[in-house]
1. Can you report the number of residues in region 10-59 which are at positive phi and of a type in the set (A, V, I, L, M, F, W, C)?
2. Across region 96-108, what is the number of residues that are open to solvent by 70 Å² or more (accessible area, probe 1.4 Å) and more than 14 Å from residue 77 (Cβ to Cβ)?
3. Residues 41, 66: which one is out of contact with any helix residue (DSSP H, G or I) (no Cβ under 7 Å at 6 or more places or on another chain) and more than 30 Å from residue 94 (Cα to Cα)?
4. Please list, ordered by first then second residue, the pairs with beta carbon atoms under 7 Å, 6 or more apart or interchain, first in region 35-52 and of a type in the set (Val, Ile, Thr), second assigned to a loop (DSSP other than H, G, I, E, B).
5. Could you check region 61-89 and list, in sequence order, the residues that are open to solvent by 70 Å² or more (accessible area, probe 1.4 Å) and either on the phi > 0 side of the Ramachandran plot or in a loop (DSSP other than H, G, I, E, B) (or both)?
6. Evaluate region 86-93: report whether one residue or more is over 17 Å from residue 20 (Cβ atoms) and under 15 Å from the mean Cα position of the chain (by Cα).
7. Can you tell me which of (1) under 24 Å from residue 120 (Cα atoms); (2) out of contact with any strand residue (DSSP E or B) (no Cβ under 6 Å at 6 or more places or on another chain); (3) part of a loop (DSSP other than H, G, I, E, B); (4) of a type in the set (A, V, I, L, M) is the one residue 92 doesn't meet?
8. Do you know which residues across region 36-49 are open to solvent by 50 Å² or more (accessible area, probe 1.4 Å), assigned to a loop (DSSP other than H, G, I, E, B) and within 22 Å of residue 14 (Cβ to Cβ)?
Amino acid sequence: MLLFISGLFAQNKYPIILVHGFMGWGREEMGSYRYWGGKYDIEQILKDEGFEVYTASVGPVSSNWDRAIELFYQIKGGQVDYGKIHSDKYGLIQEPEGKKHKGLYPSWNKDNPIHLIGHSMGGQTI
């Protein structure tokens, strides 16, 4: 009911990106049990209300730096690049294989804003 009422008063239809917290998971990583809603599917509920919604999947135990980098590339698209200095300092592969993203919303920029909703460490990641 709350989701329906909030839709009546929405000021815009900017896409929504959900960002999980520490030890969280992406949309398809736990079968039909969702981080955002458990046995309910908050992403789908919002989509059914007419919103454009995506669920990000960043490292569940990674640093905020790593999670923020991963989130950026998931949204915009491209090869994750943690940066040379950071990668050297922490023994990471700067551009890991398998971390190239098509982009959840590649047109994100100052003219195409988004809503980022984070739970727990997801807020720090954002």
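1. 1
2. 2
3. 41
4. Sorted first by the residue in region 35-52, then by its partner, the pairs are 42/36.
5. Once the filter is applied, which keeps residues that are open to solvent by 70 Å² or more (accessible area, probe 1.4 Å) and either on the phi > 0 side of the Ramachandran plot or in a loop (DSSP other than H, G, I, E, B) (or both), region 61-89 yields only 61.
6. no
7. Residue 92 satisfies all of (1) under 24 Å from residue 120 (Cα atoms); (2) out of contact with any strand residue (DSSP E or B) (no Cβ under 6 Å at 6 or more places or on another chain); (3) part of a loop (DSSP other than H, G, I, E, B); (4) of a type in the set (A, V, I, L, M) except (1).
8. 49
The values are calculated or read from the model by the stated rules, or taken from the named source; none is laboratory data. It should be emphasised that the depicted structure is a prediction, and the values quoted were computed from it without experimental measurement. Counting neighbours? That spans all protein chains shown, and the Cβs are built from the backbone with ideal geometry, glycine included. Side chains included, ligands, DNA and RNA excluded: accessible areas come from the protein's heavy atoms. Shrake-Rupley method; radii C 1.70, N 1.55, O 1.52, S 1.80 Å.
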